[in-house]
Structures are given as structure tokens and as C-alpha cells.
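Chemist: Before I ask anything, let me first share the structure, which is written out below as C-alpha cells.
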Amino acid sequence: MKYLVMVQGSQADYEAMRGKASAHSPAWSEKEVQAMFAFMGEVNNDLSESGEFVDGNGLTEPAQTRFVSAGEDGRPVITDGPYSETKELLAGYWVLDCESLERVTEIAARIATCPAPEGAPPYPVVIRPIDSGGDV
């Protein structure tokens, strides 16, 4: 079964990783950022070696995001980020091919232990099975 494993984050989190503290998160040092990237690299390598890794990427900050929806007149409504009404957006993802929900949950639990500075908010990890058969 394939699963989408997602890490959530906010604009403030990206700014903290660039060294700008806020009420939401302390500033990250370069050493802390590198530790986070090293941790994620190890996770990716282990998943590749186990054959469970299908795809994965980190995403750019919410300020570079664009929402597109249909307006009342049917014409597209385009909104550029950041979005004050949205606390968290997708920060990165993996597509994994795992034997079971239990296995992908083990992986998500590992991802949730990614190093961060003391006082940083928890970064939720969300698991969604991928519907490959078109079932509703």
C-alpha cells in the first residue's frame, strides 16, 4: 500500500530556520538546521535501502504559495501567500510503499523525532493512504 506522509509547518517556522525568532518559534542556528537536514537525509537513505521510498521533497515557504479557487462567477480567484487565516501548510512529504499502516506509522513516529531547537513547536506528521483504485 502506498502512503503520503506529510510534515506541516508555518511561515514562522521557515523564518525561524533562517534565524528569525518569533512568538511561535525560537531562531534556529545553522548547526540546528544542518542537524535537521542530516536527520532527514538519514531517514531518506534508510527508506531507499528498505525499498519503501517512492518520492519525497521539502517544499518552499508558504510565502511562495498560491491558492487557486473558483469564484462565484466561475472565474479563478488567485491568492498569493502567506496566509494569515492558515496556521500550517504542507512543509514536506514522502510517498512510501509500506506493508502496513503500522509500518508507516513507525516511520512517521521516527520523522516526528527530527531534531529542533528547544522551544520549537511540534511539527505534526500526517499519514494518508493513497487511493490507487479510485475507491471513494
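The values are calculated or read from the model by the stated rules, or taken from the named source; none is laboratory data. These figures come from a predicted structure and were not determined experimentally. Glycine also receives a Cβ, built like all others from the backbone with ideal geometry; neighbour counts cover every protein chain displayed. Side chains included, ligands, DNA and RNA excluded: accessible areas come from the protein's heavy atoms. Shrake-Rupley method; radii C 1.70, N 1.55, O 1.52, S 1.80 Å.
Chemist: What do you reckon, is Val126 part of a strand (DSSP E or B), free of Cβ contacts under 8 Å to residues at least 24 places away in the same chain and surrounded by fewer than 16 Cβ atoms within 10 Å (Cβ to Cβ)?
Modeler: Details: part of a strand (DSSP E or B): yes; free of Cβ contacts under 8 Å to residues at least 24 places away in the same chain: no; surrounded by fewer than 16 Cβ atoms within 10 Å (Cβ to Cβ): yes.
The answer is no for Val126.
Chemist: Would you check if Val95 is within 13 Å of the chain's Cα centre (by Cα), aliphatic (A, V, I, L, M) and modelled with pLDDT of 95 or more? First the steps, then the outcome.
Modeler: Working: within 13 Å of the chain's Cα centre (by Cα): yes; aliphatic (A, V, I, L, M): yes; modelled with pLDDT of 95 or more: yes.
The answer is yes for Val95.
Chemist: For the stretch 18-38, how many residues are open to solvent by 60 Å² or more (accessible area, probe 1.4 Å) and under 16 Å from the mean Cα position of the chain (by Cα)?
Modeler: 1
Chemist: What single numbered condition from (1) touching a residue at least 40 places away in the same chain (Cβ under 8 Å); (2) under 17 Å from the mean Cα position of the chain (by Cα) fails to hold for Gly41?
Modeler: Here Gly41 meets the rest and fails (1).
Chemist: Only one of Thr65, Thr86, Thr113, Thr79 is modelled with pLDDT under 95 and out of contact with any strand residue (DSSP E or B) (no Cβ under 7 Å at 6 or more places or on another chain). Can you tell me which? Can you show your working first?
Modeler: Details: Thr65 fails: out of contact with any strand residue (DSSP E or B) (no Cβ under 7 Å at 6 or more places or on another chain); Thr113 fails: modelled with pLDDT under 95; Thr79 fails: out of contact with any strand residue (DSSP E or B) (no Cβ under 7 Å at 6 or more places or on another chain).
Just one listed residue meets the conditions, Thr86.
Chemist: Going by the conditions given, is Thr60 hydroxyl-bearing (Ser, Thr, Tyr) and within 29 Å of Glu15 (Cβ to Cβ)?
Modeler: Details: hydroxyl-bearing (Ser, Thr, Tyr): yes; within 29 Å of Glu15 (Cβ to Cβ): yes.
It is true that Thr60 is hydroxyl-bearing (Ser, Thr, Tyr) and within 29 Å of Glu15 (Cβ to Cβ).
Chemist: Is it the case that Gln11 is touching a residue at least 12 places away in the same chain (Cβ under 8 Å), farther than 17 Å from Ile107 by Cα and touching a helix residue (DSSP H, G or I) at 6+ places or on another chain (Cβ under 7 Å)?
Modeler: Numbers: touching a residue at least 12 places away in the same chain (Cβ under 8 Å): yes; farther than 17 Å from Ile107 by Cα: yes; touching a helix residue (DSSP H, G or I) at 6+ places or on another chain (Cβ under 7 Å): yes.
So Gln11 fits the description; yes.
Every residue, every condition in (1) part of a helix (DSSP H, G or I); (2) open to solvent by 70 Å² or more (accessible area, probe 1.4 Å); (3) in contact with a Lys or Arg (Cβ under 8 Å, 6 or more places away or on another chain), yes or no:
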| position | (1), (2), (3) |
| --- | --- |
| Tyr93 | no, no, no |
| Glu99 | no, yes, no |
| Arg103 | yes, yes, no |
| Glu106 | yes, yes, no |
| Pro117 | no, no, no |
| Pro121 | no, no, no |
| Gly134 | no, no, no |
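Chemist: Then there's this: So which residues in the stretch 39-60 are open to solvent by less than 40 Å² (accessible area, probe 1.4 Å) and either part of a helix (DSSP H, G or I) or in contact with a Cys (Cβ under 6 Å, 6 or more places away or on another chain) (or both), if there are any at all? Write out each step before concluding.
Modeler: Just the residues of the stretch 39-60 that are open to solvent by less than 40 Å² (accessible area, probe 1.4 Å), to begin with: 39-41, 43, 47, 52, 56.
Residues satisfying the conditions are Phe39, Met40, Gly41, Val43, Leu47, Glu52.
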